[in-house]
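Take a look at the structure set out below.
The values are calculated or read from the model by the stated rules, or taken from the named source; none is laboratory data. Predicted model, so just to flag it, every value in this text is computed and none were measured. So basically every Cβ, Gly included, is an ideal-geometry build from the backbone, and we count neighbours across all protein chains shown.
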Amino acid sequence: MKTDCSLTESCRSMSRFQENEKQPSFILSQPLVMASLARVNAFFTGKTGGFRVSAPKPGRPVPVTSRHSKLHVTAQGNGRFIVGGNWKCNGTKASVEALVKGLNAGDIADKVDVVVAPPFLYIDQAMGALHPKFKVAAQNAWVEYTLDDPTHHYDSESGAFTGEVSAEMLEDLQIPWVILGHSERRSLLNEDNKMVGKKVAHARFHGLSVIVCVGETLEERESEKTLEVIFAQLQAVADEIDDREHSSWGSQVVIAYEPIWAIGTGKVATPDQVQDVHAAIREWLKLNVSEEVSKATRIQYGGSVNETNCAELARFSDVDGFLVGGASLDPEKFVQICNSSVVHYKAVGRA
Ligand code: PGA
């Protein structure tokens, strides 16, 4: 992906300025602003490689790219910081008990939503023992992929789907959240964009809150296809849930940006890489769904987040939280990551 260092740097210094002074009192010279806007415009419109950016809806002003000249100042959402712990396929009865005990003992800051996702078999155990400040998520939910449902509810209910767990069951057991479209499922189990979109719609229809994962491979990033890939993943979700009754976006669909090359590798995306993609996702939501959704949607970063790198990432205005794998299995580290919310609110002036 092409980034503009000078622009990013100027945005960053504006951000620092805002942090220190709260109210920026300098004015950028007009030629500098115009040049910056042209470069940002090129970033969002010239490198699309064929992804779909819909025309503005009637009555809506043509998107003003100046928003991006203030990337770290005004391009933020207004949602609560949210941290997810994806336990993946890890655990035993004994280790879940210990992890829950450690989490319950943790001192979690105010104004942060915390959601942990045990493997299906341990959800009941975890949910029964966790303090209510922790919400629980499933790591997947079934949808009947071949079902063609014009209502976009895909309400296939129970049936002959050996080995699967349905959204109806999650609803029945009052499991409030579900992670969908994780890259491990996309790559190992061949879940394509359309399937993930259907799963999100179906889960929303059953009242579940969703963390939907998007992200590019290393190869896609190196061939400058990052945004193209992510926007196609988002479009598949938007095709299924945009503004439909019982299946809206709102604050209950969280997007987790997880570059695949950073997951479980110890290789964290740089803060600029993260903020640039998050800002692009927010802009995409604004152009393709609505401004309200763009502001309300929480965008998490996931990929080798730990207790030492979280604060640097949390400073950024469009980083509304994290989805954490490995470090979520250590309660002390995970609680520290949750509490990077304090850094975030301070940095964006919402402390
Ligand atoms: P990681 O996993 O933190 O171990 O990189 C993140 C994820 O897969 O959600």
Report task. Report yes if residue 164 is within 16 Å of the ligand (Cβ to nearest atom), at negative phi and assigned to a loop (DSSP other than H, G, I, E, B), otherwise no. Result -> no
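Before we move on, is residue 134 touching a Phe, Trp or Tyr at 6+ places or on another chain (Cβ under 9 Å), of a type outside the set (D, E, K, R) and crowded, with 19+ Cβ neighbours inside 10 Å? Give the steps one after another, and end with the answer.
Working: touching a Phe, Trp or Tyr at 6+ places or on another chain (Cβ under 9 Å): no; of a type outside the set (D, E, K, R): yes; crowded, with 19+ Cβ neighbours inside 10 Å: yes.
So residue 134 fails the test.
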Scanning region 305-351 residue by residue, the ones that are in a loop (DSSP other than H, G, I, E, B), within 16 Å of residue 112 (Cβ to Cβ) and within 11 Å of the ligand (Cβ to nearest atom) total 1
Taking residue 146 as the residue in question, decide whether it is assigned by TED's automatic domain parsing to the domain that holds residue 339, surrounded by fewer than 19 Cβ atoms within 10 Å (Cβ to Cβ) and either modelled with pLDDT under 95 or on the phi > 0 side of the Ramachandran plot (or both). yes
Scanning region 316-351 for residues that are among the aromatic types (Phe, Trp, Tyr) and crowded, with 24+ Cβ neighbours inside 10 Å gives 316, 322, 334
Filtering region 273-304 down to residues that are surrounded by 22 or more Cβ atoms within 10 Å (Cβ to Cβ), within 14 Å of the ligand (Cβ to nearest atom) and not aliphatic (A, V, I, L, M) yields 300, 301, 302, 303
Review point. Residues in region 212-225: is at least one within 16 Å of the ligand (Cβ to nearest atom), assigned by TED's automatic domain parsing to the domain that holds residue 129, in a loop (DSSP other than H, G, I, E, B) and buried (at least 23 other Cβ atoms within 10 Å of the Cβ)?
Key: yes
